[in-house]
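Reviewing the structure listed below.
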Amino acid sequence: MEPWPCDAIGVLLVRYMDRREFGGDMDERFIPLTETVRALPATTPFVGPEALERTNGAVFKARIGANESAFGPSPKALAAMRDAVAEASWYGDPENFELRQAIAAHHGVGMDNVCVAAGIDSLLGLVVRMLVSPGAPIVTSLGAYPTFNYQVSGFGGALHTVPYRNDFEDPEALLDKAKAVEAPLLYVANPDNPMGSWHGAASVQSLIDSVPTGKVLILDEAYADFLDPVEIPAIDVSNPCVIRMRTFSKAHGLAGARVGYAIAHPALITGLNKIRNQFEVTRVSQAGALAAFQDPQYVGQVVAEVAAGKADIAKIASKHGFTALPSATNFVAIDVGGHEQATRMMAELGRRGVFIRMPGAAPLNRCIRVTVGTEKDRAVFADALADVVASGG
Ligand SMILES: Cc1ncc(COP(=O)(O)O)c(C=O)c1O
């Protein structure tokens, strides 16, 4: 018989000693999780509508909770993806070359200023991994987009939060906090999720200009397509203190294809390229995103439909005495008067087949958050809301 390799004996010995030390049953203490991962909760904050449907045993009649596009992708994107499916046995281009080329040309930047990945969510993880050491203080708004927090916690960063001011992220306070704790990384979404509020170009530019040298601002512009272009500050890739992020998940209707991009100084993009999953964006997704990007007319139609839908939702809300907050996104936060009311309303709407969400922190959580769906979705929402209100919900 071959002798056992030393490593294997070592592993057995460590296991034996661990078992004695920890008292027997195999549990996660016998798995070499990092301290960071061990400390994380086993549950994730992202309960998708599919999971809720499985729990409820019923399919939602209106899926208006995750800020997806109910209007679907451009027919050109659908055709491109259909064609690409036939080539799905091949990996996608790891350089995402054609898509990056189109993005760079559109924004008037170099290809070395663009990194494509599986959505902003993936890019957030990459940036955090690139810039955050365990224990590093990281700044965001209390109740802001939770995936950023999830990524920071996953890499062992220490979150420092700043309250919203009158339902807007507070750039000055965020900056003061970032300077006070010497945060290497600050996160701001403009327009914001979950409130839909936004700051104009001058205010965002002033925030960008105030980021101290050697620190980085993530400017998450997932909803930029819904914002008046004059409200968006010019992209300056000579500034190494800011990373702009965009996605195909909203106006382009490709949330399920998972494509987003970062625009930044080449040094930051080089950093991202060192650690990104090279084959992350599939052939099908690259083809769909490229075709969607080349169909701005369709995006314009979606933006117009969303604007009409927001006006509609405001009317539905006001019929019941609720206030729809102004929004530069594809969703509307509706103030229903309190956290308890919002929580109950979300549950009651869910029972009536309407999937919505609500902000996760006070005082934002006095609102429910409703994505602009199709006319049919809005009719379902209107009926369900009327029923909830009539039954005292
Ligand atoms: C502010 C913000 N950033 C990023 C995302 C996710 O983008 P992606 O689908 O590109 O990961 C969302 C989705 O709701 C969002 O609201």
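The values are calculated or read from the model by the stated rules, or taken from the named source; none is laboratory data. Being a predicted model, the structure only gives us computed values, none of them experimental. Every residue, glycine as well, gets a Cβ built from its backbone with ideal geometry; the counts of neighbours run over all protein chains shown.
Please determine whether any residue of region 183-191 is more than 14 Å from the ligand (Cβ to nearest atom), surrounded by fewer than 23 Cβ atoms within 10 Å (Cβ to Cβ), of a type in the set (A, V, I, L, M, F, W, C) and not assigned by TED's automatic domain parsing to the domain that holds F331. Don't jump to the end; show me each part of the working.
Start the filter on region 183-191 by keeping residues that are more than 14 Å from the ligand (Cβ to nearest atom), which leaves 183-186.
Subsequent filtering for residues that are surrounded by fewer than 23 Cβ atoms within 10 Å (Cβ to Cβ) retains 184.
So of that shortlist, the ones also of a type in the set (A, V, I, L, M, F, W, C) come out as none.
No, there is no match, as no residue in region 183-191 is more than 14 Å from the ligand (Cβ to nearest atom), surrounded by fewer than 23 Cβ atoms within 10 Å (Cβ to Cβ), of a type in the set (A, V, I, L, M, F, W, C) and not assigned by TED's automatic domain parsing to the domain that holds F331.
With respect to V37, is the statement that it is in the same structural domain as A222 (by TED's automatic domain parsing), on the phi < 0 side of the Ramachandran plot and touching a residue at least 60 places away in the same chain (Cβ under 8 Å) true? Considered against the rule, which asks whether it is in the same structural domain as A222 (by TED's automatic domain parsing), on the phi < 0 side of the Ramachandran plot and touching a residue at least 60 places away in the same chain (Cβ under 8 Å), V37 comes out as no. In the set A342, A307, A347, only one residue is more than 25 Å from V47 (Cβ to Cβ), more than 16 Å from the ligand (Cβ to nearest atom), outside the structural domain of I103 (by TED's automatic domain parsing) and hydrophobic (A, V, I, L, M, F, W, C); that residue is A307.
Which ones in region 106-133 are of a type in the set (D, E) and within 16 Å of the ligand (Cβ to nearest atom)?
Of the residues in region 106-133, the ones of a type in the set (D, E) are 112, 121.
Of everything in region 106-133, just one residue is of a type in the set (D, E) and within 16 Å of the ligand (Cβ to nearest atom), namely D121.
Taking each residue of region 113-129 that is farther than 16 Å from A222 by Cβ and looking for partners that are within 11 Å of the ligand (Cβ to nearest atom) and in a strand (DSSP E or B) with beta-carbon atoms closer than 6 Å, six or more apart or interchain, yields V114/Y261. Take the conditions out of contact with any strand residue (DSSP E or B) (no Cβ under 9 Å at 6 or more places or on another chain), within 16 Å of the ligand (Cβ to nearest atom) and at negative phi and apply them to F97. Does it pass? So F97 does not fit the description; no.
Name the single residue, out of those in region 257-286 being in a helix (DSSP H, G or I) and of a type outside the set (A, V, I, L, M, F, W, C), that is nearest to A84 (Cα to Cα).
Of the residues in region 257-286, the ones in a helix (DSSP H, G or I) are 257, 266-275, 283-286.
Subset that is of a type outside the set (A, V, I, L, M, F, W, C): 266, 270-271, 273-274, 283, 285-286.
Details: P266: 30, T270: 28, G271: 30, N273: 25, K274: 27, R283: 6, S285: 9, Q286: 9 Å.
Across region 257-286, the extreme among qualifying residues is R283.
For the structure I just gave you, tell me whether D112 is over 23 Å from M358 (Cα atoms) and surrounded by fewer than 22 Cβ atoms within 10 Å (Cβ to Cβ). Spell out how you get there, then give the answer.
Numbers: over 23 Å from M358 (Cα atoms): yes; surrounded by fewer than 22 Cβ atoms within 10 Å (Cβ to Cβ): yes.
In short, yes.
Hey, among V230, V237, which residue is more than 10 Å from the ligand (Cβ to nearest atom) and over 20 Å from G300 (Cα atoms)? Full working, then the answer.
Details: V230 fails: over 20 Å from G300 (Cα atoms).
That would be V237, the only listed residue that is more than 10 Å from the ligand (Cβ to nearest atom) and over 20 Å from G300 (Cα atoms).
The helices (runs of 4 or more DSSP H) found wholly in region 287-393 and carrying at least 3 residues that are within 18 Å of G253 (Cα to Cα) occupy 296-319, 375-390.
Scoring E305 on the criteria (1) at pLDDT 95 or above; (2) in contact with an Asp or Glu (Cβ under 8 Å, 6 or more places away or on another chain) leaves a single failure, condition (2). Just to be sure, is F60 away from the ligand (no atom under 16 Å from the Cβ) and assigned by TED's automatic domain parsing to the domain that holds A379? Criteria met by F60. When A77 is tested against (1) touching a residue at least 40 places away in the same chain (Cβ under 8 Å); (2) part of a loop (DSSP other than H, G, I, E, B), just one condition goes unmet, and that condition is (2).
Can you work out which of the residues in region 249-272 that are within 11 Å of the ligand (Cβ to nearest atom) and closer than 24 Å to L131 by Cβ is surrounded by the fewest Cβ atoms within 10 Å (Cβ to Cβ)?
Filtering region 249-272 for residues within 11 Å of the ligand (Cβ to nearest atom) gives 249-250, 252, 254-262.
Still in the running and closer than 24 Å to L131 by Cβ: 249, 258-262.
Working: S249: 23, R258: 20, V259: 29, G260: 25, Y261: 26, A262: 26.
Selected residue: R258.
I'm trying to understand the selection: among the residues of region 167-182, which are more than 16 Å from the ligand (Cβ to nearest atom) and either of a type outside the set (G, A, S) or touching a strand residue (DSSP E or B) at 6+ places or on another chain (Cβ under 6 Å) (or both)? Within region 167-182, D170, E172, A173, L175, D176, K177, A178, K179, V181, E182 meet the criteria. Looking only at residues in region 134-158 that are within 12 Å of the ligand (Cβ to nearest atom) and among the hydroxyl-bearing types (S, T, Y), the one that is nearest to F97 (Cα to Cα) is T147.
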